[in-house]
Amino acid sequence: MKYLGVDFGLRKIGTAIGDDGSHVAVPFELVPGGADAALRITQIAKREGVEAFVVGLPIPTDFHQSEEQLERTMAFVTNLGEVSGLPVRVVDEQFSSAEARRMQKEYGANASEDEIAAMLILQAYFDEETRATR
């Protein structure tokens, strides 16, 4: 099954692509945020043969994220599922953006921070699936 990982943001949305055969996620494309973001992401999914989405969920902590951000992301998740008709899974995305910035700095990655964050989100999903089947 082919997946599209999504790092949701109001202004821009990072995506990553991978499949459950290889269990490897790679940065894919940066998508503008906005009211029609779910439609644009659905179009990418159709073009690439994606069968499900994995969206990072910003779980609030005392020092990171907010309830408002969580609510916006959940509204996007609901909208993406309705627009696409595809399954939408969620994973905790805590610190994915910070880790993406670190990877850019340390490895000189060419992908955007948001694309790398989406890759980390999708890879976390694959890693959890691998652990669950052992």
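The values are calculated or read from the model by the stated rules, or taken from the named source; none is laboratory data. All figures in this text were calculated on a predicted structure; none of them were measured in a lab. Note that each Cβ is placed from the backbone with ideal geometry, even for glycine, and that neighbours are counted across all protein chains shown.
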Can you confirm whether A118 is closer than 20 Å to L70 by Cα, touching a residue at least 40 places away in the same chain (Cβ under 8 Å) and not basic (K, R)? yes
From T78, T73, residue being of a type in the set (V, I, T), assigned to a helix (DSSP H, G or I) and at pLDDT below 95: T73
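When you look at D114, is it under 14 Å from G9 (Cα atoms) and either touching a strand residue (DSSP E or B) at 6+ places or on another chain (Cβ under 8 Å) or of a type outside the set (F, W, Y) (or both), yes or no? Can you show your working first?
Details: under 14 Å from G9 (Cα atoms): yes; either touching a strand residue (DSSP E or B) at 6+ places or on another chain (Cβ under 8 Å) or of a type outside the set (F, W, Y) (or both): yes.
So D114 passes the test.
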Exactly one condition in (1) within 15 Å of A118 (Cβ to Cβ); (2) without any contact (Cβ under 8 Å) to a residue 60 or more places away in the chain; (3) surrounded by 15 or more Cβ atoms within 10 Å (Cβ to Cβ); (4) not charged (D, E, K, R) is false for F76; which is it? (2)
Criterion first (surrounded by 14 or more Cβ atoms within 10 Å (Cβ to Cβ) and outside any loop (DSSP other than H, G, I, E, B)) does E68 satisfy it? no
